Amino acid sequence: PARYFDTKTTEPISFFLSGLEELLAWQPNSNDEFNVSAVPLAKRQPPLHSRRPRTLVCHDMRGGYLEDRFIQGSATRNPYVFYHWRYIDIFVYFSHHTVTIPPVVWTNAAHRNSVPVLGTFITEWTDGGKLCEAFLAGGEEAYGAVAEQLARIAQHYRFDGWLVNIENTLSAAAVGNLPLFLRDLTAQVHSAVPGGLVIWYDSVLKDGTLRWQNELNDENRVFFDACDGLFTNYNWKEEQLERTQRLAGPRLNDVYVGVDVFARGDVIGGGFDTAKSLRLIRQYGLSAAIFAPGWVYEHLGKENFLQNENRFWGSLAEYLPTHSICTLPLTTSFSLGMGTSTFLDGKDEESGPWYDLSAQDIQPLYPELQGRLSTNCCLQDAWCGGSSLQLQGTIPPGEESVAVRLFSLQMPAPPKLFLNLLYKLEGPQPDDFTVALEVTTWDSGTCLEGNPTSLPEPNGRHHPRFLPAPPPGLAKLLAACHRGSHGWTSRCYELELQDCSLRDLSVIVSRQQPSLDETSFTCLLGEVRVLDTASVAASPPQVHSVMASQLWWQ
(Lines give C-alpha, C1' and ligand atoms only; values in the text may rest on other atoms or scores of the structure.)
Protein backbone atom coordinates (compact mmCIF):
# COMPACT_ATOMS: atom_id res chain seq x y z
CA PRO A 1 0.00 0.00 0.00
CA ALA A 2 1.34 3.45 -1.00
CA ARG A 3 0.73 4.91 2.46
CA TYR A 4 3.28 2.50 4.00
CA PHE A 5 5.73 1.85 1.15
CA ASP A 6 7.42 4.21 -1.28
CA THR A 7 5.98 3.62 -4.74
CA LYS A 8 9.36 4.08 -6.49
CA THR A 9 11.58 1.94 -4.26
CA THR A 10 9.08 -0.22 -2.26
CA GLU A 11 10.93 0.90 0.91
CA PRO A 12 8.92 1.46 4.12
CA ILE A 13 8.08 5.12 4.80
CA SER A 14 6.60 7.24 7.58
CA PHE A 15 3.22 8.85 6.93
CA PHE A 16 0.57 11.31 8.14
CA LEU A 17 -3.23 11.19 8.23
CA SER A 18 -5.48 13.69 6.41
CA GLY A 19 -8.94 14.63 7.63
CA LEU A 20 -11.28 13.28 10.27
CA GLU A 21 -12.31 10.12 8.37
CA GLU A 22 -8.71 8.88 8.11
CA LEU A 23 -8.11 9.60 11.79
CA LEU A 24 -11.26 7.79 12.95
CA ALA A 25 -10.66 4.87 10.58
CA TRP A 26 -7.05 4.36 11.72
CA GLN A 27 -6.23 0.91 13.10
CA PRO A 28 -2.85 -0.72 13.77
CA ASN A 29 -1.87 -2.74 10.74
CA SER A 30 0.87 -5.27 10.02
CA ASN A 31 2.23 -2.98 7.27
CA ASP A 32 3.00 -0.18 9.71
CA GLU A 33 5.22 -2.10 12.13
CA PHE A 34 8.24 -0.36 10.61
CA ASN A 35 6.82 2.90 12.01
CA VAL A 36 6.88 1.77 15.64
CA SER A 37 9.81 3.33 17.51
CA ALA A 38 12.36 0.73 18.59
CA VAL A 39 14.12 2.96 21.14
CA PRO A 40 12.52 3.54 24.55
CA LEU A 41 12.76 7.07 25.99
CA ALA A 42 16.04 7.13 27.96
CA LYS A 43 15.86 8.38 31.55
CA ARG A 44 17.40 11.75 32.40
CA GLN A 45 18.24 13.96 35.36
CA PRO A 46 16.70 16.18 36.42
CA PRO A 47 13.35 14.71 35.25
CA LEU A 48 11.36 16.66 32.64
CA HIS A 49 8.81 17.84 35.22
CA SER A 50 11.42 19.46 37.51
CA ARG A 51 10.83 23.09 38.43
CA ARG A 52 13.10 24.79 35.93
CA PRO A 53 12.60 26.47 32.53
CA ARG A 54 12.40 24.03 29.62
CA THR A 55 13.26 24.25 25.95
CA LEU A 56 10.96 22.88 23.24
CA VAL A 57 12.09 22.65 19.62
CA CYS A 58 9.41 22.69 16.90
CA HIS A 59 10.78 21.27 13.64
CA ASP A 60 9.01 22.68 10.57
CA MET A 61 10.78 22.16 7.26
CA ARG A 62 9.30 22.50 3.77
CA GLY A 63 6.09 20.63 4.66
CA GLY A 64 7.80 17.73 6.45
CA TYR A 65 8.18 14.06 5.44
CA LEU A 66 11.24 14.77 3.29
CA GLU A 67 14.15 12.28 3.20
CA ASP A 68 13.42 11.63 6.89
CA ARG A 69 10.37 9.60 5.79
CA PHE A 70 12.63 6.71 4.68
CA ILE A 71 12.61 4.46 7.75
CA GLN A 72 15.65 2.46 6.65
CA GLY A 73 17.65 5.49 5.55
CA SER A 74 18.52 6.98 2.17
CA ALA A 75 21.57 8.04 0.16
CA THR A 76 20.99 11.74 0.81
CA ARG A 77 23.88 14.15 0.38
CA ASN A 78 24.10 16.98 2.99
CA PRO A 79 20.86 16.13 4.86
CA TYR A 80 19.40 18.07 7.80
CA VAL A 81 20.26 16.55 11.17
CA PHE A 82 19.65 17.75 14.71
CA TYR A 83 22.06 16.67 17.43
CA HIS A 84 22.07 19.26 20.26
CA TRP A 85 19.73 17.01 22.25
CA ARG A 86 21.44 17.66 25.63
CA TYR A 87 20.25 21.29 25.41
CA ILE A 88 16.55 20.68 24.70
CA ASP A 89 13.67 19.01 26.56
CA ILE A 90 10.89 18.35 24.02
CA PHE A 91 10.92 17.86 20.23
CA VAL A 92 7.79 18.55 18.14
CA TYR A 93 7.51 17.38 14.53
CA PHE A 94 5.27 19.87 12.74
CA SER A 95 3.49 19.78 9.38
CA HIS A 96 0.21 21.10 7.98
CA HIS A 97 -1.42 17.66 7.63
CA THR A 98 -4.32 17.05 10.04
CA VAL A 99 -2.47 14.35 12.01
CA THR A 100 1.32 14.56 11.87
CA ILE A 101 2.77 11.27 13.12
CA PRO A 102 6.48 11.96 13.73
CA PRO A 103 8.74 9.99 11.35
CA VAL A 104 10.06 7.11 13.44
CA VAL A 105 13.72 7.98 12.75
CA TRP A 106 13.22 11.22 14.72
CA THR A 107 11.58 9.39 17.63
CA ASN A 108 14.45 6.89 17.75
CA ALA A 109 17.17 9.58 17.76
CA ALA A 110 15.39 11.78 20.31
CA HIS A 111 14.56 8.89 22.67
CA ARG A 112 18.17 7.65 22.65
CA ASN A 113 19.09 11.15 23.87
CA SER A 114 16.33 11.37 26.54
CA VAL A 115 14.05 13.77 24.61
CA PRO A 116 10.29 13.06 24.20
CA VAL A 117 8.70 13.61 20.76
CA LEU A 118 5.25 15.09 20.03
CA GLY A 119 3.21 14.86 16.86
CA THR A 120 0.87 17.66 15.72
CA PHE A 121 -2.92 17.72 15.47
CA ILE A 122 -3.85 20.78 13.39
CA THR A 123 -7.03 22.24 11.87
CA GLU A 124 -6.92 25.40 9.74
CA TRP A 125 -8.79 27.51 7.18
CA THR A 126 -12.35 26.67 6.06
CA ASP A 127 -11.80 22.91 5.99
CA GLY A 128 -10.43 23.07 9.52
CA GLY A 129 -13.57 24.88 10.66
CA LYS A 130 -15.76 22.14 9.16
CA LEU A 131 -13.64 19.42 10.75
CA CYS A 132 -13.94 21.11 14.18
CA GLU A 133 -17.71 21.46 13.81
CA ALA A 134 -17.93 17.75 13.02
CA PHE A 135 -16.08 16.55 16.13
CA LEU A 136 -16.38 19.38 18.68
CA ALA A 137 -19.95 20.60 18.18
CA GLY A 138 -21.04 16.94 18.06
CA GLY A 139 -20.67 16.44 21.80
CA GLU A 140 -18.88 14.08 24.12
CA GLU A 141 -19.08 10.95 22.00
CA ALA A 142 -17.64 12.68 18.92
CA TYR A 143 -14.74 14.50 20.59
CA GLY A 144 -14.07 11.49 22.88
CA ALA A 145 -13.54 9.30 19.81
CA VAL A 146 -10.94 11.75 18.42
CA ALA A 147 -9.15 11.95 21.79
CA GLU A 148 -9.08 8.17 22.05
CA GLN A 149 -7.68 7.72 18.52
CA LEU A 150 -4.92 10.31 19.05
CA ALA A 151 -3.89 8.61 22.30
CA ARG A 152 -3.93 5.17 20.64
CA ILE A 153 -1.78 6.43 17.76
CA ALA A 154 0.86 7.85 20.13
CA GLN A 155 0.82 4.63 22.14
CA HIS A 156 1.07 2.39 19.07
CA TYR A 157 3.95 4.22 17.36
CA ARG A 158 5.61 4.90 20.75
CA PHE A 159 6.00 8.64 20.59
CA ASP A 160 5.07 10.88 23.50
CA GLY A 161 2.00 13.05 22.83
CA TRP A 162 0.61 15.96 20.82
CA LEU A 163 0.81 19.64 20.03
CA VAL A 164 -2.79 20.78 19.39
CA ASN A 165 -3.17 23.69 16.98
CA ILE A 166 -6.73 24.89 16.17
CA GLU A 167 -6.18 27.73 13.67
CA ASN A 168 -9.74 28.50 12.61
CA THR A 169 -12.81 30.24 14.04
CA LEU A 170 -15.15 28.05 16.11
CA SER A 171 -18.89 28.16 16.72
CA ALA A 172 -20.13 28.68 20.28
CA ALA A 173 -21.02 24.96 20.53
CA ALA A 174 -17.58 23.85 19.32
CA VAL A 175 -15.55 26.21 21.53
CA GLY A 176 -17.67 25.22 24.55
CA ASN A 177 -16.54 21.62 24.13
CA LEU A 178 -12.90 22.45 23.31
CA PRO A 179 -11.61 22.55 26.94
CA LEU A 180 -13.47 19.28 27.60
CA PHE A 181 -11.83 17.71 24.55
CA LEU A 182 -8.39 18.92 25.70
CA ARG A 183 -8.95 17.52 29.19
CA ASP A 184 -10.07 14.20 27.74
CA LEU A 185 -7.13 14.02 25.31
CA THR A 186 -4.64 14.89 28.08
CA ALA A 187 -6.06 12.24 30.42
CA GLN A 188 -6.06 9.59 27.67
CA VAL A 189 -2.48 10.41 26.60
CA HIS A 190 -1.29 10.32 30.22
CA SER A 191 -2.81 6.91 30.74
CA ALA A 192 -1.69 5.43 27.39
CA VAL A 193 1.85 6.86 27.24
CA PRO A 194 4.13 7.02 30.31
CA GLY A 195 5.29 10.64 30.65
CA GLY A 196 2.96 11.69 27.81
CA LEU A 197 2.27 15.38 27.06
CA VAL A 198 -0.39 17.53 25.39
CA ILE A 199 0.55 21.14 24.58
CA TRP A 200 -1.86 23.80 23.28
CA TYR A 201 -0.84 26.37 20.67
CA ASP A 202 -1.95 29.98 21.31
CA SER A 203 -4.60 30.44 18.57
CA VAL A 204 -8.36 30.29 19.22
CA LEU A 205 -9.85 32.22 22.18
CA LYS A 206 -12.53 31.15 24.64
CA ASP A 207 -15.21 32.93 22.57
CA GLY A 208 -14.21 31.02 19.39
CA THR A 209 -12.45 33.87 17.54
CA LEU A 210 -9.02 33.22 16.02
CA ARG A 211 -6.65 35.82 17.45
CA TRP A 212 -3.08 35.06 18.51
CA GLN A 213 -2.38 36.52 21.96
CA ASN A 214 1.43 36.14 22.24
CA GLU A 215 0.88 35.56 25.97
CA LEU A 216 -1.14 33.66 28.55
CA ASN A 217 -4.22 35.71 29.48
CA ASP A 218 -7.87 35.33 30.45
CA GLU A 219 -8.85 34.82 26.78
CA ASN A 220 -6.85 31.58 26.41
CA ARG A 221 -6.23 30.43 29.97
CA VAL A 222 -9.11 27.94 29.89
CA PHE A 223 -7.12 25.86 27.35
CA PHE A 224 -3.86 26.10 29.33
CA ASP A 225 -5.72 24.86 32.42
CA ALA A 226 -6.98 21.81 30.50
CA CYS A 227 -3.60 20.41 29.33
CA ASP A 228 0.16 20.21 30.03
CA GLY A 229 1.29 23.50 28.55
CA LEU A 230 0.82 26.53 26.27
CA PHE A 231 3.06 27.31 23.26
CA THR A 232 2.63 31.06 22.62
CA ASN A 233 2.74 32.85 19.28
CA TYR A 234 5.96 34.72 18.37
CA ASN A 235 5.14 38.46 18.32
CA TRP A 236 5.37 39.19 22.05
CA LYS A 237 6.85 42.15 23.91
CA GLU A 238 8.42 42.21 27.35
CA GLU A 239 5.27 43.41 29.15
CA GLN A 240 3.46 40.29 27.85
CA LEU A 241 6.12 38.08 29.45
CA GLU A 242 5.57 39.93 32.71
CA ARG A 243 1.79 39.41 32.57
CA THR A 244 2.24 35.75 31.60
CA GLN A 245 4.58 35.17 34.53
CA ARG A 246 2.03 36.68 36.94
CA LEU A 247 -0.91 34.71 35.59
CA ALA A 248 0.88 31.33 35.28
CA GLY A 249 1.83 31.31 38.96
CA PRO A 250 3.30 27.94 39.95
CA ARG A 251 2.87 26.65 36.35
CA LEU A 252 5.43 29.13 35.04
CA ASN A 253 7.53 26.41 33.37
CA ASP A 254 4.48 25.09 31.44
CA VAL A 255 4.38 28.24 29.28
CA TYR A 256 6.62 27.82 26.22
CA VAL A 257 7.17 31.29 24.77
CA GLY A 258 7.43 31.06 20.97
CA VAL A 259 10.61 32.20 19.19
CA ASP A 260 10.52 32.06 15.37
CA VAL A 261 14.12 31.60 14.19
CA PHE A 262 13.03 32.98 10.77
CA ALA A 263 12.03 36.18 12.66
CA ARG A 264 8.77 36.65 10.74
CA GLY A 265 6.63 39.57 11.93
CA ASP A 266 7.50 41.91 14.77
CA VAL A 267 9.86 39.89 16.98
CA ILE A 268 12.68 40.60 19.45
CA GLY A 269 15.26 38.45 17.67
CA GLY A 270 15.67 35.42 15.39
CA GLY A 271 18.52 33.96 13.34
CA PHE A 272 21.86 34.56 15.05
CA ASP A 273 20.05 37.06 17.34
CA THR A 274 17.75 34.38 18.78
CA ALA A 275 19.67 34.72 22.07
CA LYS A 276 18.11 38.19 22.56
CA SER A 277 14.66 36.59 22.73
CA LEU A 278 15.83 33.75 24.98
CA ARG A 279 17.55 36.12 27.41
CA LEU A 280 14.26 37.97 28.03
CA ILE A 281 12.19 34.77 28.28
CA ARG A 282 14.56 33.35 30.90
CA GLN A 283 14.56 36.60 32.89
CA TYR A 284 10.91 35.83 33.63
CA GLY A 285 11.59 32.16 34.39
CA LEU A 286 9.50 30.97 31.42
CA SER A 287 10.09 28.02 29.10
CA ALA A 288 10.91 28.62 25.43
CA ALA A 289 9.62 27.09 22.17
CA ILE A 290 12.20 27.49 19.41
CA PHE A 291 10.31 27.29 16.11
CA ALA A 292 12.00 26.25 12.84
CA PRO A 293 15.68 26.13 13.87
CA GLY A 294 16.09 24.50 10.44
CA TRP A 295 16.64 28.16 9.41
CA VAL A 296 20.34 27.37 9.77
CA TYR A 297 20.02 24.76 7.00
CA GLU A 298 17.39 26.43 4.82
CA HIS A 299 18.65 30.01 5.00
CA LEU A 300 22.44 29.61 5.26
CA GLY A 301 22.62 26.58 2.96
CA LYS A 302 23.68 22.95 3.21
CA GLU A 303 27.38 23.42 2.52
CA ASN A 304 28.68 24.62 5.89
CA PHE A 305 25.68 23.37 7.81
CA LEU A 306 27.50 21.60 10.65
CA GLN A 307 29.74 24.60 11.44
CA ASN A 308 26.75 26.99 11.26
CA GLU A 309 24.64 24.67 13.42
CA ASN A 310 27.30 24.55 16.14
CA ARG A 311 27.62 28.33 15.96
CA PHE A 312 23.83 28.79 16.28
CA TRP A 313 23.35 26.46 19.26
CA GLY A 314 26.61 27.64 20.84
CA SER A 315 25.20 31.20 20.83
CA LEU A 316 22.16 29.99 22.83
CA ALA A 317 23.90 27.58 25.20
CA GLU A 318 23.98 29.91 28.23
CA TYR A 319 20.14 30.07 28.14
CA LEU A 320 19.58 26.32 27.69
CA PRO A 321 19.69 24.23 30.90
CA THR A 322 21.13 20.84 29.94
CA HIS A 323 20.05 17.41 31.15
CA SER A 324 22.37 14.68 32.37
CA ILE A 325 22.77 10.99 31.62
CA CYS A 326 21.70 8.85 34.58
CA THR A 327 22.13 5.23 33.44
CA LEU A 328 25.03 2.99 32.42
CA PRO A 329 26.34 1.66 30.13
CA LEU A 330 27.17 4.83 28.24
CA THR A 331 28.64 4.07 24.85
CA THR A 332 28.85 6.29 21.79
CA SER A 333 30.77 6.69 18.54
CA PHE A 334 29.37 10.24 18.13
CA SER A 335 27.68 9.35 14.82
CA LEU A 336 25.20 11.99 13.63
CA GLY A 337 23.05 9.51 11.71
CA MET A 338 24.58 10.66 8.40
CA GLY A 339 27.89 10.58 6.61
CA THR A 340 29.82 10.83 3.38
CA SER A 341 31.27 7.36 4.09
CA THR A 342 30.62 4.43 6.41
CA PHE A 343 33.48 3.58 8.77
CA LEU A 344 34.11 0.41 10.74
CA ASP A 345 37.07 0.00 13.12
CA GLY A 346 38.60 3.15 11.68
CA LYS A 347 38.47 1.93 8.08
CA ASP A 348 36.41 3.58 5.34
CA GLU A 349 34.30 0.55 4.38
CA GLU A 350 31.97 2.21 1.91
CA SER A 351 32.18 5.62 0.28
CA GLY A 352 28.98 7.47 -0.53
CA PRO A 353 26.42 9.60 1.30
CA TRP A 354 23.95 8.09 3.74
CA TYR A 355 21.26 9.46 6.06
CA ASP A 356 19.51 7.51 8.81
CA LEU A 357 18.65 9.29 12.06
CA SER A 358 17.82 5.95 13.71
CA ALA A 359 21.58 5.25 13.54
CA GLN A 360 22.43 8.47 15.39
CA ASP A 361 24.43 7.82 18.56
CA ILE A 362 24.11 9.35 22.03
CA GLN A 363 25.27 12.94 21.54
CA PRO A 364 27.69 14.80 23.83
CA LEU A 365 27.70 18.39 24.97
CA TYR A 366 29.29 20.66 22.36
CA PRO A 367 31.41 22.98 24.52
CA GLU A 368 32.84 26.17 22.99
CA LEU A 369 35.35 28.48 24.70
CA GLN A 370 35.87 31.63 22.66
CA GLY A 371 39.26 31.33 20.97
CA ARG A 372 40.34 28.46 23.25
CA LEU A 373 38.29 25.44 22.22
CA SER A 374 35.79 24.34 19.59
CA THR A 375 33.94 21.03 19.33
CA ASN A 376 32.87 19.95 15.83
CA CYS A 377 31.61 16.94 13.92
CA CYS A 378 34.17 15.44 11.54
CA LEU A 379 32.79 13.47 8.56
CA GLN A 380 36.19 12.85 6.94
CA ASP A 381 37.39 10.32 9.49
CA ALA A 382 35.61 8.16 12.06
CA TRP A 383 36.07 4.99 14.09
CA CYS A 384 32.55 3.66 13.59
CA GLY A 385 29.52 5.07 11.71
CA GLY A 386 29.70 8.33 9.81
CA SER A 387 31.52 10.84 11.99
CA SER A 388 33.85 11.46 14.90
CA LEU A 389 34.01 14.33 17.38
CA GLN A 390 36.74 16.84 16.60
CA LEU A 391 38.27 18.83 19.46
CA GLN A 392 40.36 21.80 18.35
CA GLY A 393 41.94 24.11 20.84
CA THR A 394 44.99 25.63 22.45
CA ILE A 395 46.80 24.95 25.71
CA PRO A 396 47.66 28.38 27.14
CA PRO A 397 51.30 29.32 28.00
CA GLY A 398 52.45 27.80 31.28
CA GLU A 399 49.44 25.47 31.59
CA GLU A 400 49.80 21.73 31.22
CA SER A 401 46.43 20.62 29.87
CA VAL A 402 42.90 21.43 28.74
CA ALA A 403 39.77 19.59 29.97
CA VAL A 404 36.87 19.15 27.55
CA ARG A 405 33.58 18.24 29.24
CA LEU A 406 31.80 15.68 27.06
CA PHE A 407 28.92 14.46 29.24
CA SER A 408 27.25 15.55 32.42
CA LEU A 409 26.26 12.53 34.52
CA GLN A 410 23.97 12.25 37.51
CA MET A 411 23.82 8.82 39.14
CA PRO A 412 25.27 6.82 42.03
CA ALA A 413 28.73 5.52 41.08
CA PRO A 414 29.10 1.73 40.94
CA PRO A 415 32.05 0.31 42.94
CA LYS A 416 34.08 -0.25 39.79
CA LEU A 417 33.93 1.43 36.37
CA PHE A 418 35.51 0.25 33.15
CA LEU A 419 36.22 2.98 30.57
CA ASN A 420 37.38 2.79 26.98
CA LEU A 421 38.52 5.68 24.74
CA LEU A 422 39.44 5.65 21.06
CA TYR A 423 41.16 8.75 19.74
CA LYS A 424 43.45 10.09 17.03
CA LEU A 425 45.75 13.10 17.37
CA GLU A 426 46.17 15.15 14.21
CA GLY A 427 48.41 18.05 13.26
CA PRO A 428 52.17 18.52 12.77
CA GLN A 429 53.39 17.01 16.09
CA PRO A 430 50.85 14.56 17.48
CA ASP A 431 53.50 13.00 19.76
CA ASP A 432 53.66 16.23 21.76
CA PHE A 433 50.32 15.40 23.47
CA THR A 434 48.66 12.75 25.61
CA VAL A 435 44.92 12.16 25.82
CA ALA A 436 43.12 10.68 28.83
CA LEU A 437 39.70 10.54 30.52
CA GLU A 438 38.71 12.31 33.73
CA VAL A 439 35.68 11.50 35.89
CA THR A 440 34.43 14.00 38.47
CA THR A 441 32.25 12.99 41.41
CA TRP A 442 30.60 14.38 44.51
CA ASP A 443 29.67 12.78 47.82
CA SER A 444 26.39 10.87 47.76
CA GLY A 445 23.31 12.69 48.83
CA THR A 446 24.34 16.12 47.58
CA CYS A 447 22.81 16.03 44.18
CA LEU A 448 19.86 14.23 42.78
CA GLU A 449 17.35 17.06 42.54
CA GLY A 450 17.54 20.53 41.10
CA ASN A 451 19.19 22.36 38.29
CA PRO A 452 22.54 21.03 37.01
CA THR A 453 23.58 24.57 36.09
CA SER A 454 23.75 25.47 39.78
CA LEU A 455 25.05 22.27 41.37
CA PRO A 456 27.92 22.52 43.86
CA GLU A 457 31.46 22.17 42.55
CA PRO A 458 32.52 18.53 42.22
CA ASN A 459 34.61 17.45 45.19
CA GLY A 460 36.46 14.59 43.52
CA ARG A 461 38.55 14.54 40.33
CA HIS A 462 39.58 11.05 39.30
CA HIS A 463 42.02 10.00 36.62
CA PRO A 464 41.09 6.39 35.96
CA ARG A 465 43.93 3.85 36.12
CA PHE A 466 45.28 2.83 32.71
CA LEU A 467 44.86 -0.89 31.99
CA PRO A 468 47.41 -2.42 29.61
CA ALA A 469 44.92 -5.29 29.02
CA PRO A 470 41.27 -5.80 29.94
CA PRO A 471 40.47 -7.65 33.18
CA PRO A 472 40.01 -11.44 32.64
CA GLY A 473 36.20 -11.44 33.00
CA LEU A 474 35.84 -8.77 30.32
CA ALA A 475 38.48 -9.95 27.85
CA LYS A 476 36.09 -11.46 25.34
CA LEU A 477 33.75 -8.49 25.24
CA LEU A 478 36.49 -5.88 25.31
CA ALA A 479 39.02 -7.16 22.84
CA ALA A 480 38.78 -3.48 21.81
CA CYS A 481 41.55 -2.57 24.24
CA HIS A 482 44.15 -3.81 21.78
CA ARG A 483 42.22 -2.72 18.78
CA GLY A 484 43.53 0.66 17.71
CA SER A 485 44.06 0.64 13.94
CA HIS A 486 44.18 3.04 10.97
CA GLY A 487 45.93 5.61 13.16
CA TRP A 488 43.45 5.34 16.06
CA THR A 489 44.69 4.67 19.60
CA SER A 490 42.62 2.62 22.02
CA ARG A 491 42.96 3.09 25.78
CA CYS A 492 41.22 1.16 28.58
CA TYR A 493 40.86 2.33 32.17
CA GLU A 494 39.48 1.19 35.48
CA LEU A 495 38.18 3.33 38.32
CA GLU A 496 37.15 2.17 41.80
CA LEU A 497 34.81 4.47 43.74
CA GLN A 498 32.99 4.47 47.07
CA ASP A 499 29.87 6.31 48.24
CA CYS A 500 29.77 8.99 45.63
CA SER A 501 27.81 10.15 42.60
CA LEU A 502 29.14 10.60 39.08
CA ARG A 503 29.14 14.17 37.83
CA ASP A 504 31.13 14.71 34.58
CA LEU A 505 33.06 12.78 32.00
CA SER A 506 35.80 14.85 30.37
CA VAL A 507 38.71 14.32 28.02
CA ILE A 508 42.04 15.82 29.12
CA VAL A 509 44.53 16.83 26.42
CA SER A 510 47.97 17.40 28.00
CA ARG A 511 51.38 18.40 26.70
CA GLN A 512 54.22 15.91 27.09
CA GLN A 513 56.69 18.71 27.96
CA PRO A 514 56.01 21.91 29.96
CA SER A 515 56.15 25.01 27.76
CA LEU A 516 55.75 28.77 27.97
CA ASP A 517 54.29 28.87 24.47
CA GLU A 518 50.65 28.50 23.47
CA THR A 519 50.25 25.08 21.82
CA SER A 520 47.45 24.16 19.38
CA PHE A 521 46.00 20.66 19.15
CA THR A 522 43.47 18.74 17.07
CA CYS A 523 42.08 15.51 18.47
CA LEU A 524 39.42 13.22 17.00
CA LEU A 525 37.35 11.13 19.40
CA GLY A 526 36.12 7.90 17.82
CA GLU A 527 34.39 6.14 20.69
CA VAL A 528 33.82 6.43 24.44
CA ARG A 529 32.45 3.71 26.70
CA VAL A 530 31.67 3.78 30.41
CA LEU A 531 30.57 0.44 31.85
CA ASP A 532 29.64 -0.85 35.28
CA THR A 533 32.17 -3.69 35.57
CA ALA A 534 29.90 -5.92 37.67
CA SER A 535 26.95 -5.81 35.28
CA VAL A 536 29.19 -6.44 32.25
CA ALA A 537 30.89 -9.47 33.81
CA ALA A 538 27.50 -11.17 34.28
CA SER A 539 26.70 -13.22 31.19
CA PRO A 540 23.95 -11.73 29.02
CA PRO A 541 20.62 -13.56 28.70
CA GLN A 542 20.32 -15.93 25.77
CA VAL A 543 18.03 -14.84 22.93
CA HIS A 544 15.29 -17.26 21.84
CA SER A 545 12.64 -17.47 19.11
CA VAL A 546 13.93 -14.82 16.71
CA MET A 547 11.44 -14.11 13.92
CA ALA A 548 12.19 -12.34 10.65
CA SER A 549 9.33 -11.03 8.51
CA GLN A 550 8.71 -8.39 5.81
CA LEU A 551 11.77 -9.44 3.79
CA TRP A 552 12.18 -8.08 0.28
CA TRP A 553 15.24 -9.07 -1.73
CA GLN A 554 16.50 -6.78 -4.48
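The values are calculated or read from the model by the stated rules, or taken from the named source; none is laboratory data. Computed from a predicted structure; not experimentally measured. Cβ: placed from backbone, ideal geometry, glycine included. Neighbour counts: every protein chain shown. In case anyone asks, the SASA skips ligands and DNA or RNA and just uses the protein heavy atoms, side chains included. Shrake-Rupley method; radii C 1.70, N 1.55, O 1.52, S 1.80 Å.
Entry remark, segment 221-240: residues being touching a strand residue (DSSP E or B) at 6+ places or on another chain (Cβ under 7 Å) and either of a type in the set (A, V, I, L, M) or not assigned by the TED database to the domain that holds Pro116 (or both) number 1 in total.
Considering the conditions (1) modelled with pLDDT of 85 or more; (2) surrounded by fewer than 12 Cβ atoms within 10 Å (Cβ to Cβ); (3) over 31 Å from the mean Cα position of the chain (by Cα), Ala548 is excluded by exactly one of them, (3).
Every condition in (1) of a type outside the set (A, V, I, L, M); (2) closer than 21 Å to Phe312 by Cβ; (3) open to solvent by 10 Å² or more (accessible area, probe 1.4 Å) is met by Ser387 except one, and the failing one is (3). Mind checking which residues of segment 516-534 are among the polar types (S, T, N, Q) and within 21 Å of Asp504 (Cα to Cα)? Of everything in segment 516-534, just one residue is among the polar types (S, T, N, Q) and within 21 Å of Asp504 (Cα to Cα), namely Thr533. The condition of being open to solvent by less than 10 Å² (accessible area, probe 1.4 Å) and either assigned by the TED database to the domain that holds Ser95 or at pLDDT 95 or above (or both) holds for only one of Asp218, Asp202, Asp184, that being Asp202.
Output the number of the condition that Arg51 fails; it satisfies all remaining conditions of (1) touching a strand residue (DSSP E or B) at 6+ places or on another chain (Cβ under 7 Å); (2) modelled with pLDDT under 95; (3) closer than 30 Å to Ala248 by Cα. Tallying (1) touching a strand residue (DSSP E or B) at 6+ places or on another chain (Cβ under 7 Å); (2) modelled with pLDDT under 95; (3) closer than 30 Å to Ala248 by Cα, Arg51 fails exactly one: (1). Inclusion of Gln380 among residues that are part of a strand (DSSP E or B) and farther than 21 Å from Tyr87 by Cα is not warranted. If the condition is being in contact with an Asp or Glu (Cβ under 8 Å, 6 or more places away or on another chain) and either farther than 20 Å from Cys58 by Cβ or open to solvent by 40 Å² or more (accessible area, probe 1.4 Å) (or both), then segment 285-317 contributes Asn310, Gly314. Only a single item in (1) closer than 19 Å to Gln363 by Cα; (2) modelled with pLDDT of 95 or more is not met by Pro329, and it is number (2).
Each residue in segment 199-220 was checked for being outside any loop (DSSP other than H, G, I, E, B), closer than 23 Å to Leu150 by Cα and more than 26 Å from the chain's Cα centre (by Cα), and 1 of them qualify. Filtered by the rule that a residue be under 26 Å from Trp313 (Cβ atoms), in a helix (DSSP H, G or I) and not charged (D, E, K, R), segment 246-265 gives Leu252, Asn253.
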